[in-house]
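Encoded as structure tokens, the structure appears first; notes follow it.
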Amino acid sequence: MFDEIRDLYQEVVFDHNRNPRNFRVMDDATRKIDGFNPLCGDRITLYVKVNDNVIEDVSFQGSGCAISTASASLMTEIVRGHTEEETHGLFELFHKIVTGEDTRTNFDELGKLAVLAGVRAYPARVKCATLAWHSLEAALKEDAETVSTE
Amino acid sequence: MTLSLNVIKIRQDFPILNETIHGRPLVYLDNAASTQKPKAVLDTLRHVYEHDYANVHRGVHTLSQRATDLFEGARKKVKDFINARKIEEIIFVRGTTEAVNLVAQSYGRSKLQAGDEILITAMEHHSNIVPWQILCQQTGAVLKVAPINLSGEIIMEEFEALLNERTKLVSVVHMSNALGTINPVKRIIEVAHAKGIPVMLDGAQAIPHMAVDVQDLDCDFYAFSGHKLCGPSGIGVLYGKETLLKAMPPWQGGGDMIRMVTFDKTEYNTLPYKFEAGTPAIAEAIGLGAAVDYLQAIGMDKIAAYEQQLLEYATTKALEIPSLKVIGTAKVKGAILGFTLHHIHPHDIGTMLDQLGIAVRAGHHCAMPVMDFFGVPATARASFSFYNTTEEVDTLIDGIKQIIEVFG
């Protein structure tokens, strides 16, 4: 019945939605930011630990739809160990693909994120897939709220 | 179940109901957001633009007169539809939101002072919250919120306790868009009037589903939108008691709302034109008149009875699904079924139902405080109209069951 929609709701998405990875508070985070999608009420609190320009750890808390939860979960896995610049580059590529600005059909460069490429056929859901990423971008900016680690 | 409307025949009046979505027949259950339009309205719009269109209240030429007659004829139809005393009490606006803003900025700003209070309820749409917050910032008045219970009903004792000598206006939703609750507005108006406080009703959701008689209600202001009433978007109505409207200053300045303008002094036009600056939504107003004719030919009481049957049918079926929770269980309720599914976000429900051709709303329904009260980020909402069928309810319920299965 839902065959057509399987390109959006892949098994990996269901898995990450049921068991989101790195779904925890991080006490020693260097940055923390709240993200909110007013359209659907998705909320995310993102914790990031950056050391010498490298993302050592990312975790999140919050509530959202399957797409936003899976996207956040996958993101926390994929950016760990990468520099801020590499992370920014991956976000740019991911964003261009899900918004349809980049029309490629081979998603190898996205790695694990490729399972979310199907979002491009559902413009109403692009914000769900990018909420965690927008939050991460904001957290990595200098002006982001910094968590007190005292 | 014996149905009180010939819905098969009615559906033929709505061309859009023949659409297929993702290869399936459209099941349109997003009527609280906007209703579809019958041929009578579509034909009227086309006829106006092809035969009767010019600006209104302006020229001496024939077409302008024809357009004016139709436009003012629509005002008369709306007046009769809600049983207002006079056509002067029917102000054409863009929609409910503009009507609330008009009352806030004209009545509110001229009457309220620092420390005065405006009373609303915890189930209001943002359009009956934000205009008052803006007014409070401008005047120093205070916005008070009457609480609701877990069924989504106003708690009358607490509401009454909040009415005091500082309360200068009550503004309450007639029927909640998120919960379906139909408020005891007659009682609300009685208790407010007993203390000399005027009452505005947000009728955006109520008016498509029941007969509304503003004289019987004795409300001071009543606001609604054309597009939720099978009419065009961009047209709505503010009803106000003539004595109140007369005393209120104009809101927007411009053409049509004046009698005489010099650079020293401007004399304002009479009601209702004082509040209708600029060229109005001409064809849309005439289209709204056609919508009112169409609905009255069916009968608002018949529509209300049929929709209650649909709601009862849908609620019974929905409650058979163990993981489904209905949000909004007021005893007196319109045909809105807000729900959540355990572990499945409303946004996912919305996308998946769409795949089955079913249009529902998923989100906070412009009522974020209501979502906060029930502790949910959002709900899925099926909202019914008189052109929906029990078969469509079955399709919805079947769709929900499939989603639960897919999510595992």
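The values are calculated or read from the model by the stated rules, or taken from the named source; none is laboratory data. If you're wondering where the values come from, they're calculated on a predicted model, not measured in any experiment. Every residue, glycine as well, gets a Cβ built from its backbone with ideal geometry; the counts of neighbours run over all protein chains shown.
In the stretch A:82-122, how many residues are at pLDDT below 95, outside any helix (DSSP H, G or I) and away from chain B (no Cβ under 14 Å)?
The number of residues fulfilling the criteria is 9.
Restricting attention to the stretch B:4-35, and to residues there that are within 14 Å of chain A (Cβ to nearest Cβ) and touching a Lys or Arg at 6+ places or on another chain (Cβ under 9 Å), which single residue is surrounded by the fewest Cβ atoms within 10 Å (Cβ to Cβ)?
Result: B:ALA33.
Return only the number of the condition from (1) under 22 Å from the mean Cα position of the chain (by Cα); (2) within 29 Å of B:CYS366 (Cα to Cα) that B:LEU45 does not satisfy.
Unmet for B:LEU45, out of (1) under 22 Å from the mean Cα position of the chain (by Cα); (2) within 29 Å of B:CYS366 (Cα to Cα): (2).
Taking the stretch B:310-330, which residues are closer than 24 Å to B:THR2 by Cβ and of a type outside the set (Asp, Glu)?
Correct list: B:LEU310, B:LEU311, B:TYR313, B:ALA314, B:THR315, B:THR316, B:LYS317, B:ALA318, B:LEU319.
Listed residues A:TYR9, A:TYR47; which is surrounded by 21 or more Cβ atoms within 10 Å (Cβ to Cβ), among the aromatic types (Phe, Trp, Tyr) and assigned to a strand (DSSP E or B)?
A:TYR47 is the lone residue from the list that is surrounded by 21 or more Cβ atoms within 10 Å (Cβ to Cβ), among the aromatic types (Phe, Trp, Tyr) and assigned to a strand (DSSP E or B).
Being crowded, with 17+ Cβ neighbours inside 10 Å, over 18 Å from B:HIS227 (Cα atoms) and among the acidic types (Asp, Glu) is the requirement here; does B:GLU312 meet it?
Considered against the rule, which asks whether it is crowded, with 17+ Cβ neighbours inside 10 Å, over 18 Å from B:HIS227 (Cα atoms) and among the acidic types (Asp, Glu), B:GLU312 comes out as no.
Scan the stretch A:17-75 residue by residue and report those that are under 23 Å from B:ALA367 (Cα atoms) and acidic (Asp, Glu).
A:ASP34, A:ASP42, listed by residue number.
Only residues that are more than 17 Å from A:THR83 (Cα to Cα) and out of contact with any strand residue (DSSP E or B) (no Cβ under 8 Å at 6 or more places or on another chain): list them for the stretch A:119-139, please.
Result: A:VAL119, A:ARG120, A:ALA121, A:TYR122, A:PRO123, A:ALA124, A:ARG125, A:VAL126, A:ALA129, A:THR130.
Restricting the search to the stretch B:243-282, which residues are in a helix (DSSP H, G or I), of a type in the set (D, E, K, R) and within 16 Å of B:ALA99 (Cβ to Cβ)?
Residue satisfying the conditions is B:LYS274 alone.
One line per residue, one yes/no per condition, for (1) charged (D, E, K, R); (2) over 30 Å from B:ALA283 (Cβ atoms):
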site: B:ASN83; (1), (2): no, no
site: B:VAL130; (1), (2): no, no
site: B:ALA146; (1), (2): no, yes
site: B:MET156; (1), (2): no, yes
site: B:PHE159; (1), (2): no, yes
site: B:LEU163; (1), (2): no, yes
site: B:MET175; (1), (2): no, no
site: B:LYS186; (1), (2): yes, yes
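Under 8 Å between Cβ atoms, at least 6 apart or on separate chains: pull out the pairs that start in the stretch B:253-279 with a residue that is in the same structural domain as B:ALA84 (by TED's automatic domain parsing) and end on any residue that is among the basic types (Lys, Arg).
B:MET257/B:LYS274; B:GLU267/B:ARG259; B:TYR268/B:ARG259; B:TYR268/B:LYS274; B:ASN269/B:ARG259; B:THR270/B:ARG259; B:LEU271/B:LYS246; B:PRO272/B:ARG75
Got at least one residue in the stretch B:282-292 being of a type in the set (Gly, Ala, Ser) and either closer than 30 Å to B:HIS342 by Cβ or over 19 Å from the mean Cα position of the chain (by Cα) (or both)?
Looking for residues that are of a type in the set (Gly, Ala, Ser) and either closer than 30 Å to B:HIS342 by Cβ or over 19 Å from the mean Cα position of the chain (by Cα) (or both), one finds at least one in the stretch B:282-292, hence yes.
Taking the condition of being surrounded by fewer than 24 Cβ atoms within 10 Å (Cβ to Cβ) and either in contact (Cβ under 8 Å) with a residue 24 or more places away in the chain or part of a helix (DSSP H, G or I) (or both), how many residues in the stretch B:193-215 meet it?
Residues in the stretch B:193-215 being surrounded by fewer than 24 Cβ atoms within 10 Å (Cβ to Cβ) and either in contact (Cβ under 8 Å) with a residue 24 or more places away in the chain or part of a helix (DSSP H, G or I) (or both): 13 in total.
A:ASN37 - would you say it is more than 23 Å from B:HIS347 (Cβ to Cβ) and either touching a Ser or Thr at 6+ places or on another chain (Cβ under 9 Å) or within 14 Å of chain B (Cβ to nearest Cβ) (or both)?
Spelling it out, it is not the case that A:ASN37 is more than 23 Å from B:HIS347 (Cβ to Cβ) and either touching a Ser or Thr at 6+ places or on another chain (Cβ under 9 Å) or within 14 Å of chain B (Cβ to nearest Cβ) (or both).
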